[in-house]
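Quick note: the coordinates plus some simple rules give every number you see, no bench work behind them. Keep in mind the model is a prediction, meaning the values are calculated, not measured. Neighbour counts run over all protein chains shown; Cβ positions are idealised from the backbone, glycine included.
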Amino acid sequence: MKKAILTIAVLGITFFVQAQHVDESKVPAAVKKALYQKYPDQSDVKWEKEKGKYEASFNAAGIPTSVLINSTGSILEFEFVVSENELPREIFDYLSNTEPKQAIKKASIIKDAAGNKMFEAEVNGNDYIFDSNGKFIRKEKEI
């Protein structure tokens with residue numbers, strides 16, 4: 001019985017730590033203003049909140065895009081889905097050793113507010129993050 005209660009508690013905590021869908025009416029005005037100043041023509045935006053930051057996901061000119069914005073309206077990063085062909089070869093070399101025989105599910109370019117570029121490859125339920133030269137930085141569990 002104690003094990004069951006502990007398991008339920010851990011699952012509940014995990015659920016609340018992960019990104020959660022947020023209705024646009026509950027997104028702070030400063031966050032929405034930042035997004036719509038940068039992308040004024042967006043109408044079908046999906047919002048999520050994770051660790052006090054808001055992520056807006058939408059299609060920009062047909063490209064799946066997301067923007068990470070803090071609660072005061074500062075844009076922290078942009079993420080654009082790209083073709084695998086746009087990833088540096090070093091990423092494929094790394095992944096062939098780390099996740100052999102696993103396909104890249106999604107490839108993205110991430111740019112921070114200063115314009116620094118990173119790459120992300122989603123493989124086998126994990127996000128692998130690489131610097132602009134394709135050097136591995138970190139692995140994150142896909143949420």
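Results, tabulated for the structure shown:
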item: Spans of strands (runs of 3 or more DSSP E) in the range 45-131 with at least 1 residues more than 20 Å from Lys141 (Cα to Cα) and not hydrophobic (A, V, I, L, M, F, W, C); result: 46-50, 53-60, 63-70, 104-112, 117-123
item: Pairs, first on the phi < 0 side of the Ramachandran plot and loosely packed, with under 13 Cβ neighbours inside 10 Å in the range 54-73, second part of a strand (DSSP E or B) and of a type outside the set (Lys, Arg), C-beta under 9 Å, six or more apart; result: Asn59/Thr65; Ile63/Phe80; Ile63/Val81; Ile63/Val82
item: Scope the range 95-121; condition among the charged types (D, E, K, R), surrounded by fewer than 17 Cβ atoms within 10 Å (Cβ to Cβ) and under 17 Å from Asn85 (Cα atoms); matching residues; result: Lys105, Lys106, Lys117
